[in-house]
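**Student:** Dumping the structure here so I can ask a few things about it.
The values are calculated or read from the model by the stated rules, or taken from the named source; none is laboratory data. This structure is a prediction, so every number in the text was calculated from the model and none was measured. FYI the Cβ positions are ideal-geometry reconstructions off the backbone, even for glycines, and counts take in every protein chain you see.
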Amino acid sequence: MTYQDNIAKAQSLIGSHPGTWDGINAESVARMKLQNRFNTGLDIAKYTAGIMRRDMAAYDLDPANYTQSLGCWHGFIGQQKLIAIKKHFGTTKQKYLYLSGWMVAALRSDFGPLPDQSMHEKTSVAALIEELYTFLKQADARELGMMFRDLDKAREAGNAVEAQRLTHAIDNYETHVVPIIADIDAGFGNAEATYLLAKKMIEAGACALQIENQVSDEKQCGHQDGKVTVPHEDFLAKVRACRYAFLELGVDDGIIVTRTDSLGAGLTKQIAVSKEAGDIGDQYNSFLDCEEIDPATAKNGDVILNRDGKLLRPKRLPSNLFQFREGTGADRCVLDCITSLQNGADLLWIETEKPHIEQIASMVDRIREVIPNAKLVYNNSPSFNWTLNFRQQVYDALVEAGEDVSAYDRAKLMSADYDATELGREADEKIRTFQKDAAARAGIFHHLITLPTYHTAALSTDNLAKDYFGEAGMLGYVEGVQRKEIRQGIACVKHQNMSGSDIGDDHKDYFAGEAALKAGGAHNTMNQFAA
């Protein structure tokens with residue numbers, strides 16, 4: 001419906017209440033409706049699921065159509081990302097947000113900072129989704145409000161061409177609301193708990209849920225030690241729980257991202273149920289580290305497997321956990337991924353210990369032998385030392401090619417002395433093109449950075465504290481922050497406007513007309529930033 005159609009519809013409704021709604025302005029109604037396009041989180045989930053589905057189809061046609069996102073821990077952070085994306089690139093196409101359970105645990109828990117071990121309140125995840133979309137919708141209201149004000153000025157000036165241009169821009173306005181891929185960890189409990197939390201997250205607006213195959217009560221960050229996986233049937237029950245939640249709420253094309261931590265997880269808490277040789281439970285158990293035993297040596301509490309007529313005892317640790325054989329991680333990842341896709345997953349996530357395209361591709365190639373259109377979400381994690389990893393990769397490639405590497409010390413590759421060297425430049429180029437190259441070679445549809453604003457907040461705060469509390473004093477803030485905001489066109493320099501003050505003034509004008517007491521008058525100091 002166009003801007004003019006909205007006005008006409010509102011005018012018709014007002015006219016149906018003769019004499020009693022005369023104080024309501026049809027164009028103001030139309031503006032408020034356009035500034036609040038999404039009434040519920042489910043409206044958002046349905047809209048953004050469609051975006052992701054179209055993007056997935058576009059990637060299948062051409063891997064150059066990969067997508068990206070950045071993690072965020074506050075609605076304002078997510079809002080500013082999308083405002084920056086629209087400012088720099090003119091569109092939000094193929095740009096999402098990621099909601100990291102790690103950042104919720106570390107920054108959003110009533111318990112205070114926590115490790116990424118599912119100890120934070122499960123409802124805090126859904127609350128952050130709702131907060132993110134509240135801020136994104138406010139970004140729409142702010143930007144559209146500025147366009148409405150410009151339209152009024154064009155009309156007052158008698159500039160019909162500019163008024164027509166602005167009306168067209170309003171009709172074709174692109175929202176800041178984009179898909180959020182939301183981390184549901186290992187489901188925060190059993191399948192029923194997973195279903196209940198999935199519903200909360202979807203109702204808040206999530207169109208994509210990312211769930212991992214670790215044990216809920218032993219869950220670890222993907223880049224920590226001590227990870228414990230569950231048998232496939234246990235995990236698939238939670239995948240189905242997520243799908244039921246989507247379908248119950250009418251988000252029929254919701255996206256499920258299944259994450260396997262098997263590459264770095266050498267432990268399991270359970271022996272899988274197996275009904276016949278070669279079934280999924282038997283395959284899971286086949287990776288266990290076992291020892292053949294004489295039945296006479298069996299002890300109370302032993303778990304005994306019968307494999308090809310041999311009695312095997314899985315090795316049990318003092319923690320009461322069982323361990324997998326070393327070197328089976330990649331094989332278990334491939335099995336996890338194939339099984340997930342065959343049971344309702346839409347996208348895969350393979351958690352790795354380093355950013356290495358061929359390592360990822362070696363597993364994806366095997367998965368695609370069974371499921372040709374398998375696609376990944378990949379964590380471009382700050383837990384990786386990107387500089388060191390890629391300098392090592394370049395160094396090792398030079399050695400393998402027989403090149404002279406005497407100018408480099410592999411043990412000191414992080415040194416700033418190597419920044420301007422051929423090795424340093426080649427490594428940086430590989431980092432720069434990593435996402436494009438991995439999308440083409442390793443089937444990665446979506447690249448994300450889990451914790452970027454955790455680190456940017458720490459870095460910028462360190463720089464400001466050093467300058468402001470040091471010799472620079474107030475110049476530390478002015479030179480390091482405000483002057484840059486002004487010169488780089490950062491909208492937030494007018495923080496009253498960003499917080500919604502002008503939107504409130506518009507509403508006051510609608511409600512009270514000339515009697516409205518507005519904040520944006522001549523004495524508002526934000527006018528100092530008009531230029």
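**Student:** Those residues that are of a type in the set (Phe, Trp, Tyr) and either surrounded by 16 or more Cβ atoms within 10 Å (Cβ to Cβ) or not in a helix (DSSP H, G or I) (or both), I need them from the stretch 487-531; list them, please. It would help to see each step written out before you state the result.
**Tutor:** To start, the set of residues in the stretch 487-531 that are of a type in the set (Phe, Trp, Tyr) comprises 510-511, 529.
Within the stretch 487-531, TYR510 is the sole residue that qualifies.
**Student:** So, one more: Can you report the number of residues in the stretch 464-479 which are loosely packed, with under 12 Cβ neighbours inside 10 Å and either in a helix (DSSP H, G or I) or in contact with a strand residue (DSSP E or B) (Cβ under 7 Å, 6 or more places away or on another chain) (or both)? If you could, list the steps in order and put the result at the bottom.
**Tutor:** Start the filter on the stretch 464-479 by keeping residues that are loosely packed, with under 12 Cβ neighbours inside 10 Å, which leaves 465, 469-471, 473-474.
Subsequent filtering for residues that are either in a helix (DSSP H, G or I) or in contact with a strand residue (DSSP E or B) (Cβ under 7 Å, 6 or more places away or on another chain) (or both) retains 465, 474.
Going through the stretch 464-479 one residue at a time, the tally reaches 2.
**Student:** Of all helices (runs of 4 or more DSSP H) completely enclosed by the stretch 114-218, which ones contain at least 2 residues that are in the same structural domain as ARG259 (by TED's automatic domain parsing)? Spell out the reasoning first.
**Tutor:** Values: elements: 123-156, 160-171, 191-204.
Ranges flagged: 123-156, 191-204.
**Student:** In a helix (DSSP H, G or I) and in contact with a Pro (Cβ under 7 Å, 6 or more places away or on another chain), is that true of ALA30?
**Tutor:** Values: in a helix (DSSP H, G or I): yes; in contact with a Pro (Cβ under 7 Å, 6 or more places away or on another chain): no.
Taking the combined requirement at face value, the residue does not satisfy it.
**Student:** Restrict the check to the stretch 234-251 and report whether at least one residue is in a strand (DSSP E or B), in the same structural domain as CYS207 (by TED's automatic domain parsing) and surrounded by 22 or more Cβ atoms within 10 Å (Cβ to Cβ). Steps first, please.
**Tutor:** Just the residues of the stretch 234-251 that are in a strand (DSSP E or B), to begin with: none.
Checking the stretch 234-251: not a single residue is in a strand (DSSP E or B), in the same structural domain as CYS207 (by TED's automatic domain parsing) and surrounded by 22 or more Cβ atoms within 10 Å (Cβ to Cβ).
**Student:** Filter the stretch 472-531 down to the residues that are farther than 19 Å from ASN25 by Cα and of a type in the set (Val, Ile, Thr), then identify the one that is modelled with the lowest pLDDT.
**Tutor:** The extreme case among them is THR525.
**Student:** Related question: With the condition kept exactly as written, say whether any residue in the stretch 355-366 is among the hydrophobic types (A, V, I, L, M, F, W, C), touching a residue at least 12 places away in the same chain (Cβ under 8 Å) and part of a strand (DSSP E or B).
**Tutor:** Within the stretch 355-366, the first condition is being among the hydrophobic types (A, V, I, L, M, F, W, C), and the residues that meet it are 357, 360-361, 363-364.
Pick out the ones that are also touching a residue at least 12 places away in the same chain (Cβ under 8 Å) and you get 357, 360-361, 363-364.
Retained after the next criterion (residues that are part of a strand (DSSP E or B)): none.
No, every residue in the stretch 355-366 fails to be among the hydrophobic types (A, V, I, L, M, F, W, C), touching a residue at least 12 places away in the same chain (Cβ under 8 Å) and part of a strand (DSSP E or B).
**Student:** Which one of these is of a type in the set (Gly, Ala, Ser), in contact with a helix residue (DSSP H, G or I) (Cβ under 9 Å, 6 or more places away or on another chain) and within 30 Å of CYS337 (Cβ to Cβ): ALA438, ALA465, ALA519, ALA472?
**Tutor:** On the way: ALA465 fails: within 30 Å of CYS337 (Cβ to Cβ); ALA519 fails: within 30 Å of CYS337 (Cβ to Cβ); ALA472 fails: within 30 Å of CYS337 (Cβ to Cβ).
Step by step, each of ALA438, ALA465, ALA519, ALA472 is checked, and only ALA438 is of a type in the set (Gly, Ala, Ser), in contact with a helix residue (DSSP H, G or I) (Cβ under 9 Å, 6 or more places away or on another chain) and within 30 Å of CYS337 (Cβ to Cβ).
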